[in-house]
Amino acid sequence: MPGTSPRRRVNGSPLRHRVASFVGVLACVALTACSSTAGQSTSSTTGASASTGRSIPTSAFSDTTGLTSTTVSIGNVSTLSLGLFKGALIGTEAYADYVNSRGGVNGRKIRVDSYDDGFTGALNKQYTTEAAQRDFALVGGFSLEDSFGGAVLAADPDVPNVTNPLDHSTALLPNTVGPQVSNGGWGTGGLEYFVKKYPTAAHAVGDLIADQPSAVASWQTEKGAMEHVGIHVVYDHDYAVTQSDFNANVIAMRNAGVKMLFIDQMPANYAASVLRALDQQDFHPVVILGTSAYSEALIPDSGGAAVVNGSYLILNSALFLGEDASVQPAVPTFLTWVHTAAPGFKPDLFTLYGWTSAELFAQALASAGAHPTRGSLLRALQRVTSFDAGGIIVTSHPSSRSSSNCFLLARIENGKFQRFDDPPISGSTGGYLCGGGVYFPRS
């Protein structure tokens, strides 16, 4: 593999009894703008963004931890056990390999140090501490335990954190600058699209929400955004993370008169179970899925094309599994280097997160000059006003953490994911639909 081989540390802690719980709290990684902060009301306010301090400690401008004249080491703290978020590491490594094959950044090759937190908060904290002491920056990691590492980063603001944290407090740290960091709002463009396309069905909407605090809080923000644009929810029900049969929910939705079903916060395995139940009950509302359901496994696990055809997806990215390879050059580059880093691995949303985080890091490092410090890297990151990773994701605004009002609309037709009603990639929006605003719940 081109470039410097990453060093891997894998903790073998058993966690089979906890695997099921992770999928229920992935709600706010599925869409560009979402909230994981509990306790907010659903009162409407638009045009605002989260208030963030962006000061850089003076000490950071003399801090060259993890830097040599020929290499720069970055730490990736992810849950790798049982392959949960293996994609986050592979995406980070893949982009490092890509950059290293082109000579590195200002003559330095990127070295990826991997830390597996074993799905435990204590290890997440321990390895974040270790990475902060060893590596120039934390890049591309993903873990449901990132609040523990976030406490370390809060206490050590010299350390750049280029990730998409799930923990809201970590996302708002001055030293966190990610490619798609949540700012506590919800984009309304996709919702407005479906109100216009299906005005009658939009008055009878259903949703299913995982019974996890972050998922419930995220749903409250999305529901507020729905109500703000004129959607009427007639059925919303939580489900246990151990649930695999949704027939009872489907029957209840039909009895409630649901005509449009949003399961845009569901990972593919749960979404497939819902789609199977809809088919078994011969109930066919308009179905809207999200980025976390975009997976090679969704269609076969749902029961085949006949079950899923006609379902929509609202995405914050191009069709990175390969459907956009002929029209979006960033997609084949991504896939080529992912398959180089991990032959046979099937990319997922977390692979994309790792790739785009590493790309943002490399872009800022190049801007930080020939003699970078952690401080100059943070300053460069905070000056990135627009970032789209070559068009593979919707344009984000890392410097202000403001949300994009753009999205990609896809539909499953003939058993394949296809763009639907999107403008051409050659256009001014890069192939994304843009419109609406960002809804923020009133604190």
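The values are calculated or read from the model by the stated rules, or taken from the named source; none is laboratory data. A quick note: this is a predicted structure, and the numbers were derived from the prediction, not measured. All Cβ positions, even for glycine, are placed from backbone atoms using ideal geometry, and neighbour counts span all protein chains on display. Just the protein is used for accessible areas: all its heavy atoms, side chains included, with ligands, DNA and RNA removed. Shrake-Rupley method; radii C 1.70, N 1.55, O 1.52, S 1.80 Å.
Below are the figures for this structure:
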| quantity | calculated |
| --- | --- |
| All-pairs alpha carbon distance profile, the chain, 10 Å steps from 0, percent | 5, 23, 33, 26, 11, 3, 0 |
| Inter-label distance for K346 and A252, nm, one decimal - labels placed 7 Å from Cα along Cα-to-Cβ | 3.0 nm |
| Model label zone, S101; criterion: amide N under 12 Å from point 7 Å along Cα-to-beta-carbon; scope the stretch 339-360 | 339-342 |
| 18 Å Cα-Cα threshold exceeded, pairs from K196/K416; K196/K259; K223/K259; K259/K416 | K196/K416; K259/K416 |
| Per residue solvent-accessible surface (Å²) - the chain, probe of 1.4 Å | 36 Å² |
| Rg/Rh ratio calculated on Cα atoms of the stretch 119-196 (Kirkwood radius) | 1.11 |
| Sites H237 and K196 - FRET efficiency at Förster radius 30 Å, r taken between beta-carbons, to 0.05 | 0.70 |
| Against the rule of thumb 2.2 N^0.38 Å, how large the Cα Rg of the stretch 324-443 comes out | 1.23 |
| Point-charge dipole on Cβ atoms (K/R +1, D/E -1) for the chain, about Cα centre, debye to 20 | 760 debye |
| Heavy-atom accessible area ranking, 1.4 Å probe, most first, across E359, E192 | E192, E359 |
| Per-peptide average of other Cβ atoms within 10 Å, ordering 161-172, 287-298 highest first | 161-172, 287-298 |
| Rg and Dmax of the stretch 240-386, Cα atoms only, in Å | 20.1, 65 |
| Proportion of all alpha-carbon pairs of the stretch 189-294 beyond 17 Å (%) | 49 percent |
| Stokes-Einstein translational diffusion, the stretch 349-418 - Kirkwood Rh over all Cα pairs, 1.002 mPa s, 20 °C, in µm²/s | 155 µm²/s |
| Rounded accessible area of D245 (nearest 10 Å², 1.4 Å probe) | 90 Å² |
| GNM flexibility winner over the chain from A252, A410, A380 (Cα, springs under 10 Å) | A252 |
| Relative intensity, log₁₀ I(q)/I(0), of the stretch 99-157 from a Debye sum that treats every alpha carbon as a point, q = 0.21, 0.24, 0.29 Å⁻¹ | -0.78, -0.92, -1.20 |
